[in-house]
Amino acid sequence: MKERFLAELRRTVQREGVENLVSYLEKSDFFTAPASTKFHAAYEGGLAEHSFNVYLRLKDLVAKEGLSYSEETLAVCGLLHDLCKANTYKIELRNVKENGEWVKKPYYAVEEQFPYGHGEKSVFILQNYIRLSAEEALAINWHMGGFDQRVKGGSYSISAVYQKSPLAVLLHVADILATYIDEERGEAL
């Protein structure tokens, strides 16, 4: 998946700084990290696989809706929306009872190094390497939709974003489709 991901990123994103972004990705655990602790693509390489799945879904949704976004914008949003998850998971052990015996089993745990939020952290990291358009930043920032902690806390900002940005709506829908339709559910460790 790493080679396919990087080939597509390099093919579609021609912005200044993209090679520095690639270097960051290669130095991080982006290509070996899970996409989640236990909910979807919770296995080694799941994050890169999930990101690619979201990108494919986003391209399909944009085409079905007859919208015109550049291939570069779709790649930036789809491939990199969950950049915030790089260097976030670690493997720990927990006691689990199997056949009446307690055994130590590995699982993914979250060890947040930079607690900046989810979508907003992806935007922050990306903007250290490449420029984002306002609509790209909004889409990535709000790609969690109603699962975003700000929304759960009562923020209505997402409504304003979704009214102004079809890209933000479609990135959220692409993320949901990839998560619940395309990917394995549950823990893999």
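The values are calculated or read from the model by the stated rules, or taken from the named source; none is laboratory data. From a predicted model like this one, the values you see are computed outputs, not experimental measurements. Positions of Cβ are generated from backbone atoms using ideal geometry, with glycine treated the same way; all protein chains shown enter the neighbour counts.
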Residues satisfying the stated conditions in the stretch 13-50, i.e. among the basic types (K, R) and within 19 Å of L93 (Cα to Cα) | K38
Name the one entry in I158, I125 that is without any contact (Cβ under 8 Å) to a residue 24 or more places away in the chain, surrounded by 17 or more Cβ atoms within 10 Å (Cβ to Cβ) and not hydroxyl-bearing (S, T, Y).
-> I158
The stretch 52-69 residues that are within 21 Å of K164 (Cα to Cα), paired with ones that are part of a loop (DSSP other than H, G, I, E, B) and of a type in the set (S, T, Y) (beta carbon under 6 Å, 6 or more apart) = V62/Y69
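Return the only residue of G66, G100 being surrounded by fewer than 13 Cβ atoms within 10 Å (Cβ to Cβ), out of contact with any Phe, Trp or Tyr (no Cβ under 7 Å at 6 or more places or on another chain) and modelled with pLDDT of 95 or more.
On the way: G100 fails: modelled with pLDDT of 95 or more.
None of the other options fit; the residue is G66.
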Select from the stretch 13-51 the residues that are within 28 Å of P166 (Cα to Cα), among the polar types (S, T, N, Q) and under 18 Å from the mean Cα position of the chain (by Cα) and write down the one among them that is surrounded by the fewest Cβ atoms within 10 Å (Cβ to Cβ).
-> S36
Filter the stretch 141-173 down to residues that are polar (S, T, N, Q) and part of a loop (DSSP other than H, G, I, E, B), then give me how many there are.
-> 2
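On the basis of being part of a helix (DSSP H, G or I) and either in contact with a His (Cβ under 9 Å, 6 or more places away or on another chain) or of a type in the set (A, V, I, L, M) (or both), does L67 make the cut? Step through it out loud before you land on a result.
On the way: part of a helix (DSSP H, G or I): no; either in contact with a His (Cβ under 9 Å, 6 or more places away or on another chain) or of a type in the set (A, V, I, L, M) (or both): yes.
No; evaluated as a whole, the condition is false for this residue.
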Going by the structure shown, is A35 of a type in the set (A, V, I, L, M, F, W, C) and within 23 Å of Q127 (Cα to Cα)?
-> yes
Run P106 past the list (1) in contact (Cβ under 8 Å) with a residue 40 or more places away in the chain; (2) farther than 18 Å from T37 by Cβ and report the number of the one that doesn't hold.
-> (2)
What number goes with the only condition from (1) without any contact (Cβ under 8 Å) to a residue 60 or more places away in the chain; (2) in contact with a Ser or Thr (Cβ under 6 Å, 6 or more places away or on another chain); (3) crowded, with 22+ Cβ neighbours inside 10 Å that N87 does not pass?
-> (3)
Might you let me know whether the stretch 37-46 holds any residue that is at pLDDT 95 or above, on the phi < 0 side of the Ramachandran plot and either outside any helix (DSSP H, G or I) or aliphatic (A, V, I, L, M) (or both)?
-> no
